[in-house]
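Q: Take this structure first; my questions come after.
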Amino acid sequence: MLMFCLRVPSDYYFEVVECLRRISLTGLLVFYKDGTTAQIVFAAIIALTSLGAYGLLSPYRDPAVDYTATVAQYMLFLQVQVVAMPRIKEGRNDRRKCV
């Protein structure tokens with residue numbers, strides 16, 4: 001009940017969008033080889049898209065909650081970037097495998 005009290009009545013659909021975001025970040029990334037640059041780039045695209053959705057739609061009633069949700073999306077995007085930086089700097093595509 002709490003999640004519906006926080007949202008603007010016209011934006012109740014946003015809970016579906018949030019579930020799709022979570023499923024995408026956990027379920028769709030398994031279709032890429034683990035630890036590859038492609039997996040990291042796809043995660044960054046998902047994070048950036050959700051950041052835009054939160055910024056444009058402002059689905060919460062309270063502006064402070066909207067701000068907090070947008071900051072959380074920025075943090076998610078920055079975490080993906082921090083993971084990507086060493087891989088890009090070293091120029092490696094896949095994780096090193098133990099033999």
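Q: Exactly one condition in (1) in a helix (DSSP H, G or I); (2) at pLDDT below 90; (3) touching a helix residue (DSSP H, G or I) at 6+ places or on another chain (Cβ under 6 Å) is false for Cys5; which is it?
A: Just one mismatch for Cys5, condition (3).
Q: Check the range 13-25 and report whether any residue there is hydroxyl-bearing (Ser, Thr, Tyr), outside any helix (DSSP H, G or I), loosely packed, with under 12 Cβ neighbours inside 10 Å and modelled with pLDDT under 90.
A: yes
Q: Only residues that are surrounded by 14 or more Cβ atoms within 10 Å (Cβ to Cβ) and free of Cβ contacts under 8 Å to residues at least 12 places away in the same chain: list them for the range 39-48, please.
A: Residue satisfying the conditions is Gln39 alone.
Q: Output the qualifying pairs, or none if there are none: Cβ atoms under 8 angstrom, residues six or more apart or on different chains, first residue in the range 18-36 and more than 23 Å from Ala53 (Cα to Cα), second residue in a helix (DSSP H, G or I) and at pLDDT below 90.
A: Tyr32/Ala38; Tyr32/Gln39; Lys33/Gln39
The values are calculated or read from the model by the stated rules, or taken from the named source; none is laboratory data. All values derive from a computational prediction rather than experimental measurement. Don't worry about glycine lacking a Cβ; one is built from the backbone with ideal geometry, like all the others, and counts go over all protein chains shown.
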